[in-house]
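Asker: Dumping the structure here so I can ask a few things about it.
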Amino acid sequence: MSGYSIGVDLGGTNLRVAAVDTNGVMLERVSLPADYSGGPGRVVEHIIETLEQIRASLGRTRLGGVGVGVPGFIDIEHGVVLEASNLPGFTGFAIRDELQRRLDTLVVLENDANAAALGEMWMGAGRGVKDLILLTLGTGIGGGIISHGQILHGFLGMAGEIGHMTIYPDGNPCGCGNTGCLEKHASASAIAALGRSMGLGSEISAAEVFGFAERGDPRALAVFESVGRALGIALASLVNIFNFPLYLLSGGPLPAWDYFAPAMFAELDRRSYTRQRTGTRVEKALLGSDAGLVGAAYLPVQRTSYTEMSAAIGHL
Ligand SMILES: [Zn+2]
């Protein structure tokens, strides 16, 4: 019998928890509406209650650790949330130490996009690959870079902000202060905005733009061509810089792959000599919104070697 770890996905609307064994098999999962009105202390209580229930059913001693994915900037070294606009009250909160003390187990904090990239490497489209980049197309664009099987953090844990890579110097203004960020030209929000500018409707969503494309509407097709071009420009730089074998895309716009991918690959090939010479793969991620949860569960597994984890839980 092997041990298990627990992944926590601290979302703005949902708190999701999964127990995963060391082979990546999901043993148990819980999804609860997140309530931040009582402050971080109340959320921590909620997490602890949920984890204790899982421990009661799976066994206390077999738990190897807990990984927590946070949508925002975190201080990896100190386990503190630096900025998370969807988690009111969490700024400056030392969530890692609080959970570690209360649960008496290893707790590892990570940015949610980084955790998702790790999840895809462990159990998703990146199985068997040790160097990959994941781009998550949502309201913004999240990025995670895995190098030699490890999350690339940069010196403060803020590496991988690929959504804010400049692709058009005079492009759309971004909330970060820059203009022409990738996420302003290729996220789900950007698809909706482009759809509006094309006259597809003043309230149109990305999914509805996709619907128009399915019906062959040339304006919607032009939107996805534009999105593909933007992604191709960004990917070309990433391929040229990293020379990784695999780049993954995930998020709501993925069903529109056939509409944006041709322009994406054309742009990528045109701008990346490395891609032309090496046939780098750009593919769909496989785990969807579970990637962050699975990756979070992998954090403590990765932190402790298997032997240490097994010894810690008394099975060797
Ligand atoms: Zn930006």
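The values are calculated or read from the model by the stated rules, or taken from the named source; none is laboratory data. Because the structure is predicted, anything quoted here is derived from the model rather than measured. Heads up, the Cβs are rebuilt from the backbone with ideal geometry, glycines too, and the neighbour counts pull from every protein chain shown.
Asker: So which pairs qualify, if the first residue must be in region 236-248 and without any contact (Cβ under 8 Å) to a residue 40 or more places away in the chain, the second must be small (G, A, S) and not in a strand (DSSP E or B), the Cβ gap must be under 6 Å, and the two must be at least 6 apart or on different chains?
Answerer: Short answer, once both residue conditions are applied: A236/S272; N240/S272.
Asker: What residue, among those in region 102-139 that are hydroxyl-bearing (S, T, Y) and either within 16 Å of the chain's Cα centre (by Cα) or closer than 22 Å to N86 by Cα (or both), is surrounded by the fewest Cβ atoms within 10 Å (Cβ to Cβ)? If you could, list the steps in order and put the result at the bottom.
Answerer: We begin by selecting, within region 102-139, every residue hydroxyl-bearing (S, T, Y); these are 105, 136, 139.
This time we only want the ones that are either within 16 Å of the chain's Cα centre (by Cα) or closer than 22 Å to N86 by Cα (or both), so: 136, 139.
Numbers: T136: 28, T139: 16.
Among those that are hydroxyl-bearing (S, T, Y) and either within 16 Å of the chain's Cα centre (by Cα) or closer than 22 Å to N86 by Cα (or both), it is T139.
Asker: Moving on to the next point. List the number of the failed condition for G142; all other conditions in (1) within 15 Å of the ligand (Cβ to nearest atom); (2) within 17 Å of the chain's Cα centre (by Cα); (3) exposed (fewer than 15 other Cβ atoms within 10 Å of the Cβ) hold.
Answerer: So G142 meets the others, but not (3).
Asker: Which pairs have Cβ atoms under 7 Å, sit 6 or more apart or on different chains, and link a residue in region 21-45 that is modelled with pLDDT of 90 or more to one that is surrounded by 15 or more Cβ atoms within 10 Å (Cβ to Cβ) and of a type in the set (D, E, K, R)?
Answerer: Qualifying pairs under 7 Å: L27/D21; S31/R16; V44/E98.
Asker: Kindly evaluate I145 against the criterion of being assigned to a loop (DSSP other than H, G, I, E, B), more than 18 Å from M264 (Cα to Cα) and of a type in the set (A, V, I, L, M, F, W, C). Write out each step before concluding.
Answerer: Values: assigned to a loop (DSSP other than H, G, I, E, B): no; more than 18 Å from M264 (Cα to Cα): yes; of a type in the set (A, V, I, L, M, F, W, C): yes.
No; evaluated as a whole, the condition is false for this residue.
Asker: Here's a follow-up. Going through region 156-170 one residue at a time, which ones are assigned to a loop (DSSP other than H, G, I, E, B), more than 10 Å from the ligand (Cβ to nearest atom) and touching a helix residue (DSSP H, G or I) at 6+ places or on another chain (Cβ under 9 Å)?
Answerer: Going through region 156-170, the residues assigned to a loop (DSSP other than H, G, I, E, B) turn out to be 156-161, 165, 167-170.
If we keep only those that are more than 10 Å from the ligand (Cβ to nearest atom) too, we end up with 156-160, 167-170.
Hits for region 156-170 are G157, A159, G160, I167, Y168.
Asker: Would you point out which residue out of V108, V129 is touching a residue at least 12 places away in the same chain (Cβ under 8 Å) and either closer than 23 Å to A94 by Cα or among the basic types (K, R) (or both)?
Answerer: Criteria check complete, one pass: V108.
Asker: Among the numbered conditions (1) more than 28 Å from G140 (Cβ to Cβ); (2) among the basic types (K, R); (3) touching a strand residue (DSSP E or B) at 6+ places or on another chain (Cβ under 8 Å), tell me where R60 comes up short.
Answerer: Here R60 meets the rest and fails (3).
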